[in-house]
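Below is the structure I would like to discuss, written out as structure tokens.
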Amino acid sequence: MNEVKGAEHTLFQSKIYCVLLFMLGSVPCFWPNSGLPLLWAFIAGGLTLWYSVSVWAIDPNEPFDENGRMPKAAKSFFRSLYYLGYMFLLLVLVSAIPPESLGYFGPLSQN
């Protein structure tokens with residue numbers, strides 16, 4: 001809703017969202033009994049970094065393209081869709097791996 005408070009405020013909220021995503025990905029570190037392996041923290045951190053780079057690259061003063069969009073913001077939006085898809089797919093895959101086969105990267109409650 002950048003029409004309400006402006007592009008700068010929307011970008012600020014997006015950056016806070018990225019920080020919260022990093023915290024969400026680190027659940028295995030501060031809640032070892034969650035059942036998520038440590039591998040998930042590395043995967044989620046890497047994907048969140050990949051997505052966050054696109055958020056930090058947005059220029060709120062960027063001119064609109066012929067479609068009426070800010071090109072960097074549009075790229076970041078489409079990257080966010082890939083981010084959500086990758087997060088879901090990789091969470092399912094990581095959860096399917098038997099924890100004992102992950103060794104050090106398994107759940108911290110087992111290490």
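The values are calculated or read from the model by the stated rules, or taken from the named source; none is laboratory data. Keep in mind the model is a prediction, meaning the values are calculated, not measured. In this analysis, Cβ positions are derived from the backbone assuming ideal geometry, glycine residues included, and neighbour counts consider all displayed protein chains.
Here's a check for you: in segment 1-23, which residue that is in contact (Cβ under 8 Å) with a residue 24 or more places away in the chain and hydrophobic (A, V, I, L, M, F, W, C) is surrounded by the fewest Cβ atoms within 10 Å (Cβ to Cβ)?
Across segment 1-23, the extreme among qualifying residues is Phe22.
While we're on this one: Of Phe42, Phe105, Phe64, Phe88, which residue is touching a helix residue (DSSP H, G or I) at 6+ places or on another chain (Cβ under 9 Å), exposed (fewer than 12 other Cβ atoms within 10 Å of the Cβ) and not polar (S, T, N, Q)?
So the residue among Phe42, Phe105, Phe64, Phe88 that is touching a helix residue (DSSP H, G or I) at 6+ places or on another chain (Cβ under 9 Å), exposed (fewer than 12 other Cβ atoms within 10 Å of the Cβ) and not polar (S, T, N, Q) is Phe64.
Of the residues that sit in segment 24-33 and are free of Cβ contacts under 8 Å to residues at least 40 places away in the same chain and surrounded by 13 or more Cβ atoms within 10 Å (Cβ to Cβ), which one is nearest to Leu81 (Cα to Cα)? Before you say what the answer is, go through the steps one by one.
Initially, segment 24-33 is screened for residues free of Cβ contacts under 8 Å to residues at least 40 places away in the same chain, giving 24-27, 30-31.
Pick out the ones that are also surrounded by 13 or more Cβ atoms within 10 Å (Cβ to Cβ) and you get 25-27.
On the way: Gly25: 17, Ser26: 21, Val27: 22 Å.
Among those that are free of Cβ contacts under 8 Å to residues at least 40 places away in the same chain and surrounded by 13 or more Cβ atoms within 10 Å (Cβ to Cβ), it is Gly25.
In addition: So for segment 67-76 (the condition being touching a helix residue (DSSP H, G or I) at 6+ places or on another chain (Cβ under 7 Å) and surrounded by 15 or more Cβ atoms within 10 Å (Cβ to Cβ)), does at least one residue qualify?
The first filter runs over segment 67-76 and keeps only residues touching a helix residue (DSSP H, G or I) at 6+ places or on another chain (Cβ under 7 Å), leaving 75-76.
Then keep just the ones that are surrounded by 15 or more Cβ atoms within 10 Å (Cβ to Cβ); that gives 76.
Yes: segment 67-76 contains one or more residues that are touching a helix residue (DSSP H, G or I) at 6+ places or on another chain (Cβ under 7 Å) and surrounded by 15 or more Cβ atoms within 10 Å (Cβ to Cβ).
Looking only at segment 54-91, count how many residues are hydrophobic (A, V, I, L, M, F, W, C), within 19 Å of Phe42 (Cβ to Cβ) and at pLDDT 95 or above.
Residues of segment 54-91 hydrophobic (A, V, I, L, M, F, W, C): 55-58, 64, 70, 73-74, 77-78, 81, 84, 87-91.
From what's left, within 19 Å of Phe42 (Cβ to Cβ): 84, 87-91.
Within this subset, residues satisfying the condition of being at pLDDT 95 or above are 84, 87-90.
Final tally of qualifying residues: 5.
What number of residues within segment 1-45 satisfy the criterion of being touching a Pro at 6+ places or on another chain (Cβ under 7 Å) and under 16 Å from Ile58 (Cβ atoms)? Before the answer, list the steps.
Pass one, segment 1-45, residues touching a Pro at 6+ places or on another chain (Cβ under 7 Å): 7-8, 11, 28, 32, 34-38, 40-41.
Filter once more, so that each one left must be under 16 Å from Ile58 (Cβ atoms): 7-8, 11.
Final tally of qualifying residues: 3.
Is it fair to say Ala57 is closer than 22 Å to Ser76 by Cα and surrounded by 15 or more Cβ atoms within 10 Å (Cβ to Cβ)? Before you say what the answer is, go through the steps one by one.
Details: closer than 22 Å to Ser76 by Cα: yes; surrounded by 15 or more Cβ atoms within 10 Å (Cβ to Cβ): no.
For Ala57, the condition - closer than 22 Å to Ser76 by Cα and surrounded by 15 or more Cβ atoms within 10 Å (Cβ to Cβ) - is not met.
Restricting to segment 1-48, name every residue that is farther than 27 Å from Met70 by Cα, over 11 Å from the mean Cα position of the chain (by Cα) and of a type in the set (Val, Ile, Thr).
If the condition is that a residue be farther than 27 Å from Met70 by Cα, over 11 Å from the mean Cα position of the chain (by Cα) and of a type in the set (Val, Ile, Thr), then Val27 is the only one that fits.
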